[in-house]
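Enquirer: Structure below; questions to follow.
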Amino acid sequence: VKRCRIEGVLYDDHFEGNPCQFSIEIWANIAGGEGTNRTAVMTKMCALVATRQNKWSFVLFLNEKMLFLDGPNVRVQAWDHLAGTYDGTNAFLYVNGKPYAHLDVSLALTSKDVVLQQTTHECM
């Protein structure tokens with residue numbers, strides 16, 4: 001990531017056989033790199049990334065699947081506060097304090113046909 005500054009990363013990613021509860025947050029300022037995936041922060045359980053399509057995304061790595069919660073467009077050379085939460089059932093992406101995307105992870109993980117689950121929902 002070009003000039004991506006990471007401040008105040010908070011997460012709990014211990015794992016004991018079952019997906020646990022965790023959250024991750026970061027202040028990110030992306031400068032350039034459009035057309036490529038840019039990882040702001042990553043743990044063994046999740047990541048906050050700027051996608052090739054220049055959208056913020058919360059990515060979960062659970063049970064050998066990658067689950068994406070897509071957010072708004074990245075504001076180039078501007079600070080954005082990103083937070084992703086997972087409570088063992090539901091995942092949420094917050095951008096600048098507003099809930100942006102939600103995914104019922106339990107449904108995505110129990111589907112034998114789903115390898116890649118992607119959803120975007122505007123939350124009110």
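Enquirer: Quick test for you: out of D87, D80, D70, pick the one residue that is among the acidic types (D, E), open to solvent by 30 Å² or more (accessible area, probe 1.4 Å) and in contact (Cβ under 8 Å) with a residue 24 or more places away in the chain.
Expert: Criteria check complete, one pass: D87.
Enquirer: Can you give me the number of residues within segment 29-60 that are in contact with a Lys or Arg (Cβ under 7 Å, 6 or more places away or on another chain) and surrounded by 14 or more Cβ atoms within 10 Å (Cβ to Cβ)?
Expert: The qualifying residues number 6.
The values are calculated or read from the model by the stated rules, or taken from the named source; none is laboratory data. Predicted, not measured: the structure shown is a model, and the values here were computed from it. Methodologically, a virtual Cβ is constructed for each residue, glycine included, from the backbone with ideal geometry; neighbour enumeration extends over all protein chains shown. Heads up: the accessible areas ignore ligands, DNA and RNA and are worked out on the full protein's heavy atoms, side chains in. Shrake-Rupley method; radii C 1.70, N 1.55, O 1.52, S 1.80 Å.
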